[in-house]
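A.B. asks: Would you mind keeping the following structure in view while I ask a few things?
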Amino acid sequence: MKINAMAEWLLLPVGWIFLVACTALAVFFADSGPAVSIGIIGLVFLFISTLLLVVLPSPNENIRRYCFYLLCLYIFLLVVWPRYALLRIPGLPGLSPPRLVQLVVLMLWGYLIIKSDNFRERAIERFSVAKPFILMLVAFICFKFLSIFVSEAPVQSAKGWANELISFYLLFFIVFSVVDSVDDFYSILKSFTLAFLVVCAVGVYEFYVGRNIFFGLLDVDSDYLYQVLRDKDRAGAYRIQSTFSHPLTLSECVVMGMPLTAIFFFGKKINFLRAFAFLMLLALGAFVVLKTGSRSGLGAFFAVSVCAFSLMCIREIYRQKSGISTGFYILVLIGIVGCSLIGAYLISDLMVGRTIREYNSGMVRLEMWKHGLRLAADSPIFGYGQDMAASVLGFSGYGGVVTIDSYYLSVLLESGVISLIVYVAMNAFVVVKILRFAMMESKFSFHVLMALSALIGFLVIKSILSLTHNHGLVMVFVGCIYWLFSNEILPKHGAGRTVRS
């Protein structure tokens, strides 16, 4: 107590002076030196964090609840809020509401980890359940970090790496440690389902008016914003993008969202009203994917549907003890496989391309891989640096903007062959882990199978999409999956206890 009291007397007066001085300097340098302004703002937050850790007492359960509620708000804003829509305050760089909420979540989580012994012990205990995955994730992050030192633009690469660390990978640890009950898990699903509904509704309205609804509401002050807001079409048909920066990222989110919303509707109970509501939402999502004009989105939507039904049948076959019941589910599985083969044949022309432009788009992706593999052979260990894949590859899209159409190729060029192997192994490990867990007698088997279907849809789309808009969302639900694992594995060791300080 004496140390805290002394720190409070010393830090508070000096801190307020420091805070005012830094704010004034940030405003002064905002126009002439934005990087300096951002650095000064960073010093302010560093001071605030230090003050919290030194002066404030150990947190109680209410702090964890505040952190969780803000996490739910962040998940909602992450999907709904356009990334390019920034709040403009004179003298300061553009502010993104999701980023501000994320910053508060990160500060509260750091406060809990450092100051609460019980919260930290519980988090470490849970992390032990995901030890192989965490080791692969850390290795992947480290290879990306090492690629900074071989980059031709190390500052740009360092900023990209830090952005991914905060926006994607830390979310796994935050969700895994902050979620404390099944009700918390469903609260996250509720936030996502509501955001999913809003995004689909905005997409339908955008299709109705036939233009980007944000064009004219925002000042187009950069080539990037123009590329985002310009109307996009394919074969003469307008492509919707809702609140996203590109139709492909919208279709990616909707495809992943279908099975995740199924958990929300059917995870606890099944009745006619829930089934009807889900079917309406499913039809809405299918319409949105169709109107994005994304061939990969339609293919992934088909793959996710087949995976979801097939996995459910396989689970029932594995669990059934009656020969008649087993035979019935085997027949159902054969029917699903047969229908999927017919469906694959019917959409094959769509996937290859119905027009010369669509066909050429597919051929360009093949050329990207051919050229990318040659480049990767010249720098196989550390690649060419974080966020440098598109510029190194040298392919240009609409308006002369450099582009790359596969996240796997992007990882290969940015951080090397080993990094790509680790990334693939990490996702394969999660898939196998979910399959093994789903075959157990668990009340969460349906939940993890639907999450697996969403993950498969994500991995399919990543083969032709390098944009990372939805990666944070993926890490949120991977964290939720591992919480479900820990809830089953660690109950006797206190994984579900309430944490007090």
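For (1) surrounded by fewer than 15 Cβ atoms within 10 Å (Cβ to Cβ); (2) among the charged types (D, E, K, R); (3) at pLDDT 80 or above, each residue gets a yes or a no:
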{"position": "Ser348", "(1), (2), (3)": "yes, no, no"}
{"position": "Ser361", "(1), (2), (3)": "no, no, no"}
{"position": "Lys370", "(1), (2), (3)": "yes, yes, yes"}
{"position": "Gly394", "(1), (2), (3)": "yes, no, yes"}
{"position": "Val401", "(1), (2), (3)": "yes, no, no"}
{"position": "Glu414", "(1), (2), (3)": "no, yes, yes"}
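A.B. asks: Which one of Val306, Val352 is modelled with pLDDT under 75 and either over 27 Å from the mean Cα position of the chain (by Cα) or buried (at least 16 other Cβ atoms within 10 Å of the Cβ) (or both)?
C.D. replies: Val352
A.B. asks: Now for a separate question. Could you go through segment 279-293 and let me know if any residue there is in contact (Cβ under 8 Å) with a residue 12 or more places away in the chain and either touching a Lys or Arg at 6+ places or on another chain (Cβ under 6 Å) or polar (S, T, N, Q) (or both). Break it down stepwise before answering.
C.D. replies: Taking segment 279-293 as the starting set, the residues that turn out to be in contact (Cβ under 8 Å) with a residue 12 or more places away in the chain are 281-282, 284-289, 291-293.
So of that shortlist, the ones also either touching a Lys or Arg at 6+ places or on another chain (Cβ under 6 Å) or polar (S, T, N, Q) (or both) come out as 292-293.
Looking for residues that are in contact (Cβ under 8 Å) with a residue 12 or more places away in the chain and either touching a Lys or Arg at 6+ places or on another chain (Cβ under 6 Å) or polar (S, T, N, Q) (or both), one finds at least one in segment 279-293, hence yes.
A.B. asks: Here's a follow-up. Given the conditions (1) within 30 Å of Tyr186 (Cβ to Cβ); (2) under 20 Å from the mean Cα position of the chain (by Cα), and given that Phe444 satisfies all but one, which numbered condition is not satisfied?
C.D. replies: Here Phe444 clears every test but (2).
A.B. asks: Got at least one residue in segment 173-185 being open to solvent by 50 Å² or more (accessible area, probe 1.4 Å) and either without any contact (Cβ under 8 Å) to a residue 12 or more places away in the chain or part of a helix (DSSP H, G or I) (or both)?
C.D. replies: Yes, the conditions are met somewhere in segment 173-185.
A.B. asks: Could you look through segment 428-465, keep only residues that are charged (D, E, K, R) and modelled with pLDDT of 85 or more, and pick out the one that is least open to solvent (accessible area, probe 1.4 Å)? Show your work before the answer.
C.D. replies: To start, the set of residues in segment 428-465 that are charged (D, E, K, R) comprises 433, 436, 441, 443, 462.
Filter once more, so that each one left must be modelled with pLDDT of 85 or more: 433, 436, 462.
Values: Lys433: 60, Arg436: 178, Lys462: 0 Å².
Within segment 428-465, the match that is least open to solvent (accessible area, probe 1.4 Å) is Lys462.
A.B. asks: List pairs: first in segment 374-391 and under 14 Å from Gln156 (Cβ atoms), second assigned to a loop (DSSP other than H, G, I, E, B) and among the β-branched types (Val, Ile, Thr), Cβ under 8 Å, 6+ apart or cross-chain?
C.D. replies: Close Cβ pairs satisfying both conditions: Ala389/Ile404; Ala390/Thr403; Ala390/Ile404.
A.B. asks: Answer yes or no as to whether Val478 is at pLDDT 90 or above and either closer than 19 Å to Leu250 by Cα or surrounded by fewer than 22 Cβ atoms within 10 Å (Cβ to Cβ) (or both).
C.D. replies: Criteria not met by Val478.
A.B. asks: Tally time: how many residues in segment 90-149 are of a type in the set (S, T, N, Q), open to solvent by less than 20 Å² (accessible area, probe 1.4 Å) and assigned to a helix (DSSP H, G or I)?
C.D. replies: 2
The values are calculated or read from the model by the stated rules, or taken from the named source; none is laboratory data. Everything quoted here is computed from the prediction, not taken from an experiment. Don't worry about glycine lacking a Cβ; one is built from the backbone with ideal geometry, like all the others, and counts go over all protein chains shown. In case anyone asks, the SASA skips ligands and DNA or RNA and just uses the protein heavy atoms, side chains included. Shrake-Rupley method; radii C 1.70, N 1.55, O 1.52, S 1.80 Å.
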